[in-house]
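Read-outs throughout are calculated quantities, based only on the coordinates presented, and are distinct from any laboratory measurement. The shown structure was predicted, so the numbers you read here are calculated from the model rather than taken from an experiment. For neighbour counting, all protein chains shown are included, and Cβ atoms are generated from backbone atoms with ideal geometry for every residue, glycine included.
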Amino acid sequence: MGSADPTVADSTLALDAMAEKRFGLSRRDFMQFCATLATTLGLPAGAHAAVQQAVEKAKRPSVIWLHFQECTGCTESMLRAEHPTLERLILDVISLDYHETLFAAAGHQVEAARKAAMAANKGKYLLVIEGAIPTRDNGIYCKVGNKTAIELTRECAADAAAVIAIGSCASWGGMPSTDPNPTGAVGVNKIIDKPVVTIPGCPPNPYNFLATVVHFLTFGQLPPIDKLGRPLFAYSRLVHENCERRAHFDAGRFAIEFGDDGHRKGWCLYKLGCKGPETYANCPTALFGDAGAGTWPVGCGHPCIGCTEQGVGFAKPIHTLAKVKNVEPPVSYPGIVENQGKGVTVGAAAVLAAVAGAAAGATAVFSRKLGKSNEQASAEDGKPQDRTGRV
Amino acid sequence: MSTRREFFKRALTGSAAVAGAAVCPPVQARSNAQISPDAVGLLFDSTLCVGCKACVAACKRENNLPLDYNTPDDSPWDLPLDTNARTFNVIKAYKDGAATVKDAEQGGYAFMKSSCLHCVDPSCVSACPVTAMTKDPVTGIVQYDADACIGCRYCVAACPFGIPKYDYSSPTGKIAKCELCRHRVKDGHYAACAEVCPTGATLYGKVADLKVEAKRRLALKPGQATRFPRGNISGGPDRSWEGAAARYIQRTYGETEIGGTQMLKLAAVSFEKLGQPTLPDRSFASQSETLQHTLYGGLVLPLVVLGAMAYVAKRNVKPAGEHDEEVRDERA
Amino acid sequence: MSVHDHAMPAPVGGRLANPVTVSCAVLIGVAIAVLGVRFVSGLGSVTNLNDGYPWGIWVVADVVIGSAFACGGFSVAMLVYIFNRGRYHALVRPALLASLLGYTLAGVGVLFDLGRWWNFWHILWPGYASPNSVMFEVAACISLYIVVMWIEFSPAFLEKWGLHDARRKLDRMMFFFIALGTVLPMMHQSSLGSLLVVMGTQIHPLWQSIVLPLIFLISAIVMGYAVVLFESCVAAAGYRRSIEMHLLTPLSKIMLGLLGVFLVVRFGDILIRGALGRAFEPSLQALMFWVETVCFVLPFALLGSEGKRRNPANLFLAGVALMLGGVLLRINAFLIGYMTGEGWNYFPSVPEMLVTIGMFAIEVLGYIIITRRFPVLPREDHAAAAAH
């Protein structure tokens, strides 16, 4: 690490070696991973060092991962992250003590493991919930180990250091809550009083989740969130703002139908119902999943369905026009009344005043002269002037 | 000395010469002009406008208009403040307070399209002394011919909507205004602004169809689901989409204003706030032309006055002799 | 009164170069330089014209006001030949000269303002010309009137160059041109007001009216007499001649009568339209309305009695007040009262004003040159001439 102090350099090297051994990663790959997370979080330059230290030093935090009404797409998406392979990180960066999909064991064995982990890490473990929670009929529509989702959530959340809802279903109910919502599916925040960080998306970008976890590791707290509980680093900008097709929107070039000329040319998908203008997510920049360059719905030619946005995704018909949310009338539109044309300048006023003054002065002098000559003439003639007023 | 007969002969020849010089058909007093049954126009629905300015861009592209620099210093480039010689179409924003709620008069914002309204009885056409500004008898499009124009800018002054604009930056400046993309009709196109509008906020079509559509929207309950047509309402494929009706102001702007316009406007914020002037039903053009033709119709009045003047002058003017002493002096 | 009232016009004579003419020449040179820039780089390069105020002082001052100032010839000719007040005959030629210069310059001034001036002939060309346009009427009348005025004034040149035959022939036709010379200005001076009718509600209610043509016409005739008063006083002073008080005093009485008619029409119209309330709003328009009105009313105070009318100072001041009133009426109607829409600003730029000043300088210079070299002003009687 280029430090002049041999002891510091030694200890850093030792840590690096430890991390290399622990993660089974080359040092180079490990640094890349830390930098990726720091970038996703929008941390300043050099922050990857702090991330690196946190990941290396901290005891792997215990994570309890619950599944309710969902498709496991979020987990699948996580598993497909490749920078580096996430299964390794799930096992090595964090201590995944309960995850129904990934557990080799089953039945009472895993339930016992969950209870043990919760007891051992009381107040320190992270609770991650994937899937909506059914509330109708006392939540009987989703049970694990004979406990309803509501009960499990409350039980696990009670001693958790932080609660993260991953995916749209856990965030607000998502797809299961689509009208008429037969199971009364809701998001985690409706069940517990604790603050819940939501990572909506269907599925969400794995880095948005990982970055949130690492932020917790690095800074000991969850990242700043918006009023829907979404981390601002990932959900503060509309898809529309950084969309690669934005120039076409601004120029009025729209695909009208799938497969038409404009669609093949990569024009804007707004007329096809793209919800980018009303959906907050970092898809255009972080892309979707970890499937390679340019792979996200809009990049592939399908309009955004607004999966990260409550009230849009799974609520609005896919091909209905979006409300454009990023209009800023004060900045980028002329007002109804604008100040136009050049008004009076000092120079112009001076010229006009000079002309008017000269005219007024001349008039005054001249009329006085005329008046005097009139008096003179009157005095000479002894009667009012008639025909020879002389100047 | 000339006889009375000679005088009248001369007066008549003179009058005929004047009448010939002034090309003045005997048009009489008139009321508002009537709209052509095939007139085309636009329906702008402020509540559907998302402010994407696709129409502004398309208008520039299709009319080959150059970069505009009528932009305030602190704004992005090419953000014209208003229509001008380089920009025929602008989306303006009304805003109040925090400007967060769309189509709300208080604390909200709303968009308004500013482009030619193609009046049924246009002031600019009436004002133009050289028929450079004309109204198409079939489509009703108010069109401009730069080759005829003398650049007097009477049309600019006369238009109550401030639409015709002159290019003051050029020694050969022209008047510039929307002509409803009449140059694109032969290729099967129509007004580019309506063609690209993603929401149908700007809708093209025959004015009769647009009026029906406007009425239909005004009759909708706020929030009621309905289909909004896009593009050309009087032809072409159905590109309508389903959305919710807004809380419309119960008025179609342009239906009666100065004899009606071929561009109609709907909004949820009062039209005064959106910069649309309050105008009487009687067209200014018809008032001006009635006045002119009452005074000068067939040159009757001027010729009568001229005849009388010539008669009196003939009596009072004596041809000059050696000195000009003969001019009769009325001495009281 | 003497029977020799109608003194033959004669050149005043004297040197052409003097401080006044040289200053005028300098001002004209400046205006020409500005116009050079205008024709190379466009109207926007020297004027403050914009789409809110497409007409600035080049139209309002040079054309509308310039031609109204030039109504002296028409007003006096009408008095002399139509109302047969022959004693004012001596005033005809000088007034006509001022009119001629004023109108010719107004015609030329239009060209400076026309954005596509090379097409100017379209306005009189069948196929282009549009009789629905008030502007067409104005243009046609003014063009014709300029020609008529040159014919009316041509005896001055014919006398100078000794073309007595042509002069005699012209004299036989003169009555017709005189008649035409009264009808044409009536037509276009009224139409200069009608120009505003098509602008509808853009013109402030204190000025917008269907009787604008009548208001503009009467005010133009009144201004014509006012200009004659002004001009006679100034010419007399400038050339050290006697003021024709025996003509101006009764003329001012006629002017006052006509001014009364004007005020009745003006205020009657405002009252009938119910626009008077607008004159009491705290606005620039209302203020300017009252300034304008004061200028029109002032002459009654200045010339109310016969004694006052015999005072040349009062005649001069009344003339100036009325000219100012007429100017304000036109500026108010065309610019101050032009409500083009919120947000628009206009104030003439310095170069713009320099052109207008140059135009008036041409008028003054032309008047001096022509009166010094051609028979325009009445020949001074010997007694008066001897006094100097």
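Before moving on, here are some points about what is shown:
- Taking the number of Cβ atoms within 10 Å of each Cβ as an exposure proxy, the fewest-first ranking of B:Cys178, A:Cys307 is A:Cys307, B:Cys178.
- Sequence-distant lysines (8 or more away, or on other chains) whose Cα lies within less than 17 Å of B:Lys211: B:Lys265
- A Förster radius of 45 Å combined with the Cβ-Cβ distance from C:Met173 to A:Asn339 puts the calculated FRET efficiency at roughly 0.20.
- Of the GluC sites (Glu not before Pro) found in the stretch A:171-280, those that fall in a DSSP loop while having at most 16 other beta-carbon atoms within 10 Å are A:Glu244, A:Glu257.
- Relative contact order of the stretch B:45-121, pairs being alpha-carbon contacts under 8 Å that are 6 or more residues apart, as %: 27 percent
- Dipole check for the protein assembly as shown: with +1 at the C-beta of Lys and Arg, -1 at the C-beta of Asp and Glu, and the Cα centre as origin, the magnitude is about 2120 Debye.
- Within straight-line reach of A:Lys372, meaning a Cα separation under 21 Å, sit the following lysines at least 8 residues removed in sequence or on another chain: A:Lys383, C:Lys308.
- Dipole size of chain C about its Cα centre, with +1 on Lys/Arg Cβ and -1 on Asp/Glu Cβ: approximately 880 debye, rounded to the nearest 20.
- One decimal place: the segment A:Gln221-A:Lys147 gains 23.6 nm when fully extended, by the rule 0.36 nm per residue minus the C-alpha distance.
- Computed FRET value (nearest 0.05) for C:Asp269 with C:Arg240, which takes r as the C-beta separation and R₀ as 35 Å: 0.20
- A:Lys122 versus C:Met8: modelled label distance in nm, points set 7 Å from Cα along the beta carbon direction: 13.5 nm
- Between C:Arg278, C:Arg172, C:Arg240, the residue with the greatest mean-square fluctuation in the GNM of chain C (Cα pairs under 10 Å linked by springs) is C:Arg172.
- Once the mean of 1/r is taken over each pair of separate Cα atoms and inverted, chain C shows a Kirkwood hydrodynamic radius of 21.8 Å.
- Only helices enter this figure: runs of n ≥ 4 DSSP H residues, each worth -39500 (n - 2.57), summed and divided by the residues of the protein assembly as shown, yield -14000 deg cm²/dmol at 222 nm to the nearest 500.
- Label-point separation, A:Lys190 to B:Arg30 (7 Å along Cα→Cβ), nm: 6.7 nm
- Calculated FRET efficiency for the pair A:Thr320/A:Asp261, C-beta based, R₀ 22 Å, to 0.05: 0.40
- Exposure proxy order (Cβ contacts within 10 Å, fewest to most) of A:Val337, C:Val63: A:Val337, C:Val63
- Sites listed here are trypsin sites (Lys or Arg not before Pro) in the stretch B:180-243 whose DSSP assignment is loop and whose Cβ has at most 15 other Cβ atoms within 10 Å: B:Arg239.
- Checking the cross-link pairs B:Lys113/B:Lys221; A:Lys342/B:Lys102; A:Lys115/A:Lys227; B:Lys95/B:Lys135; B:Lys177/B:Lys215 against a 30 Å limit on the alpha carbon distance flags A:Lys342/B:Lys102; A:Lys115/A:Lys227; B:Lys95/B:Lys135 as lying beyond it.
- Each label was represented as a point 7 Å from its Cα along the Cα-to-Cβ direction; for B:Thr71 and A:Ser332 these points are 1.3 nm apart.
- Only Lys, Arg (+1) and Asp, Glu (-1) charged, at Cβ; the stretch B:40-281 dipole about Cα centre in debye: 500 debye
- As a proxy for reagent exposure, ranking A:Ile133, C:Ile272, C:Ile370 by other Cβ atoms within 10 Å from fewest up yields C:Ile272, C:Ile370, A:Ile133.
- Under 14 Å, Cβ to Cβ, from C:Tyr225 - net charge with Lys/Arg +1 and Asp/Glu -1: +1
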